[in-house]
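Below: one structure, written as structure tokens.
The values are calculated or read from the model by the stated rules, or taken from the named source; none is laboratory data. Predicted model only: the values in this text are computed from it and were never measured. Every residue, glycine as well, gets a Cβ built from its backbone with ideal geometry; the counts of neighbours run over all protein chains shown.
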Amino acid sequence: MSPARRALALAVAAGTVAVSLASCDGPGVVAPRGTVIRAGTTSAASSVVGTWRRTVYFLDDFGIAHSSETSWQFGADGAMVRVQVTRNLTFGLADAQVSAGRYRVEGTRLVIDVVTPAPSQLSFEVRRVGNQLEIAGEPYFLVGG
């Protein structure tokens, strides 16, 4: 890898770490915030409706820059689509996987019945914080209504 690419990859990784650390309230302390989603109300299902995205940038052990992007699309009709894209930013390669199914909110849990590519059920703690949806404690940002 050229020195310029290595410097760019390190800058991206350092920026990601800085943003992650800035979101904490102190060493290992994160203040409780947001709205807990409760089942049995119209707002529970509607609070997750939209397209939510999380992207993580990192360097592997060989100094190669990568990104991992996950997008969740939750429809008002209970339909769900998840798109996972992994990229090798150094060599310009990418791979994608699409999953589809149905979702529902039960208490503070988001329950997803995946139909494709293989049937399975996923269950995560979920809460909405403004334009951010925390799924299993990981932040996803609203990118589409």
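Before we move on, is Phe91 aromatic (Phe, Trp, Tyr), at negative phi, outside any strand (DSSP E or B) and surrounded by fewer than 17 Cβ atoms within 10 Å (Cβ to Cβ)?
Details: aromatic (Phe, Trp, Tyr): yes; at negative phi: yes; outside any strand (DSSP E or B): yes; surrounded by fewer than 17 Cβ atoms within 10 Å (Cβ to Cβ): yes.
Considered against the rule, which asks whether it is aromatic (Phe, Trp, Tyr), at negative phi, outside any strand (DSSP E or B) and surrounded by fewer than 17 Cβ atoms within 10 Å (Cβ to Cβ), Phe91 comes out as yes.
In segment 35-57, is there at least one residue being assigned to a strand (DSSP E or B), among the aliphatic types (A, V, I, L, M) and modelled with pLDDT under 95?
The first filter runs over segment 35-57 and keeps only residues assigned to a strand (DSSP E or B), leaving 35-36, 50-57.
Then keep just the ones that are among the aliphatic types (A, V, I, L, M); that gives 36, 56.
Going one step further and asking which of them are modelled with pLDDT under 95, we end up with 36.
Yes; the residues of segment 35-57 include at least one that is assigned to a strand (DSSP E or B), among the aliphatic types (A, V, I, L, M) and modelled with pLDDT under 95.
Remark: Ala118 falls outside the filter, which requires a residue to be loosely packed, with under 13 Cβ neighbours inside 10 Å and within 14 Å of the chain's Cα centre (by Cα).
Answer with yes or no whether Leu142 is surrounded by 16 or more Cβ atoms within 10 Å (Cβ to Cβ), in contact (Cβ under 8 Å) with a residue 24 or more places away in the chain and either in contact with a helix residue (DSSP H, G or I) (Cβ under 6 Å, 6 or more places away or on another chain) or in a strand (DSSP E or B) (or both).
Details: surrounded by 16 or more Cβ atoms within 10 Å (Cβ to Cβ): no; in contact (Cβ under 8 Å) with a residue 24 or more places away in the chain: yes; either in contact with a helix residue (DSSP H, G or I) (Cβ under 6 Å, 6 or more places away or on another chain) or in a strand (DSSP E or B) (or both): yes.
It is false that Leu142 is surrounded by 16 or more Cβ atoms within 10 Å (Cβ to Cβ), in contact (Cβ under 8 Å) with a residue 24 or more places away in the chain and either in contact with a helix residue (DSSP H, G or I) (Cβ under 6 Å, 6 or more places away or on another chain) or in a strand (DSSP E or B) (or both).
Number of residues in segment 106-133 that are assigned to a strand (DSSP E or B) and over 14 Å from Gly50 (Cβ atoms) equals 15. One residue stands out among those in segment 55-85 that are surrounded by fewer than 17 Cβ atoms within 10 Å (Cβ to Cβ) and closer than 15 Å to Val98 by Cα: the one that is farthest from the chain's Cα centre (by Cα), which is Ala79. Given the structure, is Arg102 charged (D, E, K, R) and more than 16 Å from the chain's Cα centre (by Cα)? The answer is yes for Arg102. For Phe91, the conditions (1) closer than 18 Å to Gly144 by Cα; (2) modelled with pLDDT of 95 or more all hold with the exception of (1).
Within the set Val83, Val105, the sole residue that is without any contact (Cβ under 8 Å) to a residue 60 or more places away in the chain and β-branched (Val, Ile, Thr) turns out to be Val83.
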